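Structure, as structure tokens:
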Amino acid sequence: MKTNYQVSRRGFIKTGAVAATALMLGNAINALGAQKKMGVALVGLGYYSGGQLAPALLQTKNCYLAGIVTGTPQKAADWSKKYNIPQKNIYNYQNFGEIAKNPDIDIVYIVLPVSMHKEFTIRAAQAGKHVICEKPMALNAAECREMIAACKKANRLLSIGYRLHFEPHTKEVMRLGQKKVMGKVTQIDTGNGFTYGGDPNAWRLKKALAGGGGLMDMGIYSIQGSRYTLGEEPIAVKATQEKTKPELFKEVDETVFWELKFPSGAKVTGKSSYNNNWGYLHVTTENGNFELEPAFGYGGLDGKVNGKPMNIPNINQQAAQMDDFATCVALNKPSRVPGEEGLKDMKVVDAIYRSLDSGKWENI
Ligand code: NAD
């Protein structure tokens, strides 16, 4: 039992800490001078930049859309008009390095096909900019290590576009699982995927550009969901796959199934697909169960604990994610989702592909 004194004392300490942080943040951002918000440049103006990130940057408090990098002059003109971006803050892939001289840009956000993530993350860090790189972080774990090393060498912060770490249902799942609120987690079943109906020539279906298919693009959320529910790193994996549309998925995986071994012994299964609409995270514990479904999208998550609704409001995940990184930059503190977090997922992805080749359990 806590005494009233203890409760109020703890409340006081918490309030004091929040106030001190707010003061520090205010000072750090004001220390930039007239520019109070961090300037973000989006690299690659496709579906995710146009549909989610740019609109979210109209809602952020600590950062704003300051610049764009695009290979398409018409997009440059359209975005400049729509988002009021001055000509001096617009770059293409060739003159991108000149961004080094632009004080309006603090953060470069890489939203390109996966095969371009490494090159542009490294070029951005070398240009003196802090970097957010979209998921999956790169083609493989070796590339992730190079990106982390380059950002360290340039003394720049690197973050991965893992928006769910800022999302309240996901944070509740992390709390329930990692703090063993309902006892130890004994089992996790998770799947993520969508039925691909897009352009059969798109980069997502080309191995050289995407690295892989549903596993890299969608399965990464399920892999990470298992990791953040348990707060542990998996040690081995066994995977199988299914291809019902080999003409469409000539170069990349369609549906992949896996089993992960974790140190605590929890039984963890996962699946990913470009040919099934999945998006769930089901967790069994010693004393009950909890789940998210939808678990990984940004159209609104929903959750239950022992069958009862979590009743947690949804937020703009991308705005929360980018505001957090702007704060990290202002305070020079590592992101909650640094490059190392992207590397952990890519090590699992690499091991799943090894297991698909070998047909055996593979160490991670
Ligand atoms: P997209 O195809 O819609 O956009 C990619 C952009 O890259 C386009 O503007 C395209 O012109 C440009 N590009 C430059 N060089 C290219 C090349 N050689 N080939 C093809 N395109 C080229 O893709 P997207 O859906 O916006 O995905 C971009 C990144 O964002 C991917 O890493 C993806 O996984 C990630 N993403 C993340 C989320 C999320 O929820 N975090 C959601 C969607 C996409």
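Side notes on the structure shown:
- Angstrom value of the Kirkwood radius, inverse mean 1/r, which spans all Cα pairs in the chain: 21.6 Å
- When Rg and Dmax are taken over the Cα atoms of the range 212-364, they come to 16.9, 50 Å.
- Sorted ascending by nearby beta carbons within 10 Å, beginning with the fewest, ARG354, ARG175, ARG163 become ARG175, ARG354, ARG163.
- Mean silhouette area of the range 261-300, derived from the convex hull of its C-alpha atoms and averaged over all directions, reads 4.0 nm².
- From least to most packed, judged by other beta carbons within 10 angstrom and beginning with the fewest, LYS360, LYS206 follow the order LYS360, LYS206.
- Whole-percent P(r), the range 38-163, all Cα pairs, 5 Å bins from 0: 2, 12, 24, 26, 21, 12, 4, 1.
- Of the beta bridges in the chain, as assigned by DSSP with both residues counted there, near 55 percent are antiparallel.
- Scaling the Cα radius of gyration of the range 283-364 by the globular reference 2.2 N^0.38 Å produces a ratio of 1.52.
- Evaluated at q = 0.29 Å⁻¹: base-10 log I(q)/I(0), Debye formula over Cα of the range 184-251: -1.45
None of the figures in this text is laboratory data; all of them are computed from the coordinates on show. Note that the structure is predicted; figures quoted are calculated from it, not measured. Because the Cβ atoms are built from the backbone with ideal geometry, glycine has one as well, and the counts that use them run over all protein chains shown.
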